[in-house]
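A short worksheet on the structure shown next.
The values are calculated or read from the model by the stated rules, or taken from the named source; none is laboratory data. Keep in mind the model is a prediction, meaning the values are calculated, not measured. Cβ placement follows ideal geometry from the backbone for every residue including glycine, while neighbour counts extend to all protein chains displayed.
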Amino acid sequence: MNVLVTGGAGYIGSHTCVELTEAGHTPIVIDNLSNSSPKSLERAAEICGRQIRFYEGDVRDVGLVEQIITEHNIDCVIHFAGLKSVSESVKMPLPYYRNNLESTMALCDAMTHTGVKKIVFSSSATVYSADNIMPLSESAKTGDCTNPYGWTKYMCEQILRDFAAASSERSVVLLRYFNPVGAHPSGLIGEHPNGVPNNLMPYISQTAVGKRECLSIFGDDYPTPDGTGVRDYIHVVDLAKGHVAALKYLGSHTGASVFNLGTGKGTSVRQMVAAFEQACGVTVPCKTAPRRAGDLAVCYASVDKSACELDWKAEKTIEDMCRDSWNWQKNNPNGYDD
Ligand code: NAD
Ligand code: WQD
């Protein structure tokens with residue numbers, strides 16, 4: 001299939017371009033480079049031995065999106081483009097609502113005008129309400145989001161459900177990612193957050209490489225086995241393969257469907273640090289710090305539905321995630337600027 005990949009130069013998008021190409025699809029990327037480098041796509045092309053067509057532009061530019069769809073005979077869209085920092089969204093809610101909602105609606109307009117009927121959307125476990133029982137199944141309660149970023153995902157899900165309901169031929173897959181980490185095993189592509197990382201894994205690897213002094217563990221008095229927060233970390237290559245599975249699913253289903261992409265297993269902060277130290281042979285200095293506002297004690301997915309209906313399962317281990325993150329980090333301490 002010819003697949004329009006919005007936000008394809010970003011962390012998850014670039015890994016997905018590799019997996020799409022390796023599965024015989026042709027990704028065509030549009031990205032405004034607001035949080036990425038075009039080098040990610042040059043490296044992705046190096047991995048799969050095939051050029052990836054790239055358009056620098058904004059998804060909100062409906063005319064440009066329509067032009068790309070027509071020129072490349074697009075069959076399906078994977079919509080990664082969006083702003084994703086929880087803390088930034090609290091400080092600057094309006095750019096988050098504008099960018100994430102308007103880009104989704106512009107894409108729906110362009111699809112309507114050009115007759116494209118299939119779309120996969122990057123949603124997040126953050127749409128689940130805080131009072132659910134673990135593991136989170138796709139039918140668990142959503143809403144009551146704790147930050148504007150989470151609300152944008154919740155609202156985009158609703159927009160896309162309505163978009164699917166408005167025409168019987170449309171097919172929408174909403175993928176709720178848990179905690180994507182790791183990098184391509186080649187060490188050529190990976191995640192390079194701007195400034196001080198908010199997320200655990202990049203903070204660990206930047207501490208290990210000496211860019212940060214010490215990891216602050218946000219809370220060690222949670223009701224978990226070692227007192228630190230538990231999350232469902234998923235290797236970005238497994239996550240990317242989940243998108244290839246979603247494309248297959250779209251080919252034989254209409255309407256809107258939702259799937260968790262996680263491993264179904266929880267790992268604590270201390271377990272992750274220990275796994276990283278062991279897998280990479282490095283030391284990660286840590287100190288205990290107060291809990292971070294808005295954090296849950298435990299969050300992990302039920303993966304039964306994606307195993308059954310998408311025929312997809314995460315295969316990589318926590319050790320793979322640590323080793324591949326470290327391989328990327330030590331070879332590219334300044335990301336794509338190296
Ligand atoms: P990323 O920032 O690396 O990639 C997003 C890409 O979208 C960037 O390359 C950015 O330049 C581009 N972009 C943003 N707005 C755009 C616009 N209006 N037009 C064109 N391009 C635009 O983020 P990522 O980690 O690869 O995440 C991809 C998607 O998955 C996002 O929608 C994110 O919210 C979602 N998601 C990410 C995580 C995570 O932990 N990384 C978890 C759940 C969901
Ligand atoms: C994981 C654990 C922290 C940093 C976020 C978003 C979510 C999704 C994925 C997009 C928690 C602890 C972290 C640090 C720490 N993104 N931690 N020290 O919060 O589960 O999810 O990213 O959709 O929406 O909220 O991930 O990596 O920030 O934290 O102790 O320096 O690590 O308290 O227990 P989180 P995270």
- Scan the stretch 113-138 and report the pairs whose first residue is at negative phi and in a helix (DSSP H, G or I) and whose second residue is away from ligand 2 (no atom under 15 Å from the Cβ) and at pLDDT 95 or above, with Cβ atoms within less than 9 Å and a gap of 6+ or a chain change. 113/62; 113/66; 113/69; 114/65; 114/66; 114/69; 114/70; 114/74
- Criterion violated by residue 177 - all others in (1) closer than 18 Å to residue 231 by Cα; (2) touching a His at 6+ places or on another chain (Cβ under 8 Å) satisfied: (2)
- Residue check, residue 66 against (1) in contact with a Gly (Cβ under 8 Å, 6 or more places away or on another chain); (2) without any contact (Cβ under 8 Å) to a residue 60 or more places away in the chain; (3) over 20 Å from residue 158 (Cβ atoms); (4) not in a loop (DSSP other than H, G, I, E, B), all met but one. Which one? (1)
- Given the conditions (1) away from ligand 2 (no atom under 16 Å from the Cβ); (2) without any contact (Cβ under 8 Å) to a residue 24 or more places away in the chain, and given that residue 91 satisfies all but one, which numbered condition is not satisfied? (1)
- Select from the stretch 321-338 the residues that are buried (at least 17 other Cβ atoms within 10 Å of the Cβ), of a type outside the set (A, V, I, L, M) and out of contact with any helix residue (DSSP H, G or I) (no Cβ under 6 Å at 6 or more places or on another chain) and list them in ascending order. 324, 327, 328, 332, 335
- Qualifying positions in the stretch 266-307 - surrounded by fewer than 18 Cβ atoms within 10 Å (Cβ to Cβ), within 16 Å of ligand 1 (Cβ to nearest atom) and under 15 Å from residue 128 (Cβ atoms): 294, 295, 296
- Test: residue 43 is farther than 21 Å from residue 185 by Cα and either in contact with a Phe, Trp or Tyr (Cβ under 7 Å, 6 or more places away or on another chain) or buried (at least 17 other Cβ atoms within 10 Å of the Cβ) (or both): no
- Message: Residue pairs, Cβ under 9 Å, 6 or more apart or interchain, first in the stretch 165-183 and at positive phi, second of a type in the set (Lys, Arg). List them.
- Response: 182/316; 182/323
- Could you list, in sequence order, the residues of the stretch 270-309 that are within 19 Å of the chain's Cα centre (by Cα) and within 23 Å of residue 185 (Cβ to Cβ)? 303, 306
- Would you kindly identify the strands (runs of 3 or more DSSP E) lying entirely within the stretch 1-56 that contain at least 2 residues that are within 15 Å of the chain's Cα centre (by Cα)? 2-6
